[in-house]
Every structure is written in C-alpha cells, then in structure tokens.
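Below is one structure, written out as structure tokens; comments come after it.
Read-outs throughout are calculated quantities, based only on the coordinates presented, and are distinct from any laboratory measurement. These numbers were taken from a predicted model, which means no experiment stands behind them. Glycine gets a Cβ as well: all are built from the backbone with ideal geometry, and neighbour counts include every protein chain shown.
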Amino acid sequence: MSIDTSKVNKDLDFFDRHESLWLFAYGSIIFKVDFDYIEKRAASIDHFSRRFWQGSHDHRGTIEAPGRVVTLVPDINAHCLGMAYRITPAVFQHLDYREKNGYLRQKTALHFDDGSEEIGLIYIADDSNAAYLGPASDTEIATQIAQSNGPSGSNKRYLLDLADALRQLGSDDTHIFSLERLVLAL
Ligand code: BEZ
C-alpha cells in the first residue's frame with residue numbers, strides 16, 4: 001500500500017477555511033495530549049486495523065535500534081476504535097512536527113456512538129516511508145518493543161499506555177492486547 005500524495009493534498013484542501021476539524025487518534029495521541037482541543041469524543045473508523053508496523057527512531061527508539069509504533073493498515077472488514085479531538089487547524093503545526101517520522105494526514109469518515117458521522121483526518125504511515133518496518137510475528141514485535149528506548153521514553157511504556165487507554169475505551173484490539181501480554185511476560 002502506498003499513499004497517493006496528490007490525494008493527501010486534496011484531502012487537506014477539503015478543510016480550507018474550516019475553523020475546526022476532527023482528528024481521529026488511534027495511537028499516542030490518545031494518551032499523550034500535549035495540544036489544545038475544543039472537545040473530544042470516543043470514535044471509530046472502518047476498514048483499518050491498528051498495527052505496530054511503523055519504526056520509531058525519534059521517539060521510542062534510536063537510529064541504531066528503532067522501536068515500533070502504531071500505524072493504520074487497510075483492512076476491509078476491520079473497525080478501529082480511538083479518540084476524536086476537535087481542534088483548530090493551527091494545532092497541526094505542532095502535531096505534524098511531533099509525528100514527522102513518516103506520517104501523512106489523510107481524510108476519513110469518523111463514526112460516533114450516537115450514530116453520527118463526521119469527516120476528519122488521520123495520521124497514517126505506509127510502506128513508502130523510510131521508517132516503515134511492516135509485519136512481523138507477535139513474538140518478534142514484542143521482543144523489539146521490550147528492548148527499545150528513545151527520547152520520548154521506553155517503547156514498552158508506549159505499548160502499556162496505549163493498551164490502558166484502549167481498555168478504558170472498551171476496545172477489543174487483539175493485536176495490542178496480545179502484544180501487551182507478551183511484553184509483560186518477557
Ligand atoms: C495517533 O494517535 O493517532 C497517532 C499518533 C502518532 C502517529 C500517528 C497517529
């Protein structure tokens with residue numbers, strides 16, 4: 001899967017002149033909220049699975065020993081639960097810098113518990129970026145996470161904080177909870 005960058009730019013044009021817009025968070029933005037937001041709501045998106053397939057040498061690992069962080073992978077029957085934040089466009093300056101290691105913004109439909117829907121943005125990193133690591137067995141991913149540390153802290157803490165945040169949201173994300181079990185057992 002490769003991101004079509006011309007489409008990404010069109011996705012951003014869609015929000016021109018909007019005073020606020022929804023960002024769907026499925027990773028660290030759920031548990032590390034270092035930006036202002038107008039409101040937040042649990043939300044979900046369809047046709048994507050959360051996967052620890054993106055390498056991290058700037059937050060949870062180093063260039064010599066990258067950690068693993070989550071990205072979204074297209075998956076036709078999947079449903080991904082997370083947190084939506086309504087933010088002003090200015091907040092993207094901060095988040096684009098924070099998530100600069102291979103992530104691009106893409107437009108997608110967000111679903112809320114009351115049945116309503118909004119168009120929002122996700123950050124997504126695919127196999128066209130240099131830091132992408134792709135799939136590996138759960139044991140390999142857990143071992144890499146258990147061993148990695150970077151400027152933002154340990155990769156293990158990232159996984160455990162994400163698993164806790166997803167538990168609070170009522171998520172049944174088997175990829176995340178099985179990695180949590182493996183890392184805690186190591
Ligand atoms: C997120 O929480 O949605 C997220 C965090 C980091 C990179 C990409 C997405």
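Summary table
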quantity	calculated
Cα-projected label distance for ASP46 with ARG86, points at 7 Å along beta-carbon direction, nm	2.3
Simple spin-label estimate for ASP75 and SER116 in nanometres, 7 Å along Cα-Cβ	2.9
Cα gyration tensor shape for segment 81-159, rounded if a/c is under 1.5, else prolate or oblate	prolate
Segment 18-110: trypsin sites (Lys or Arg not before Pro) in DSSP coil with no more than 12 other Cβ atoms inside 10 Å	LYS100
Global geometry of the chain, whether rounded, prolate or oblate, following the gyration tensor of its Cα atoms and the 1.5 cut on a/c	prolate
GLU19-LYS100 FRET efficiency (beta carbon distance; Förster radius 25 Å; 0.05 resolution)	0.50
Added length on full extension, which subtracts the Cα-Cα distance from 0.36 nm per residue, ALA136 to HIS175	12.9 nm
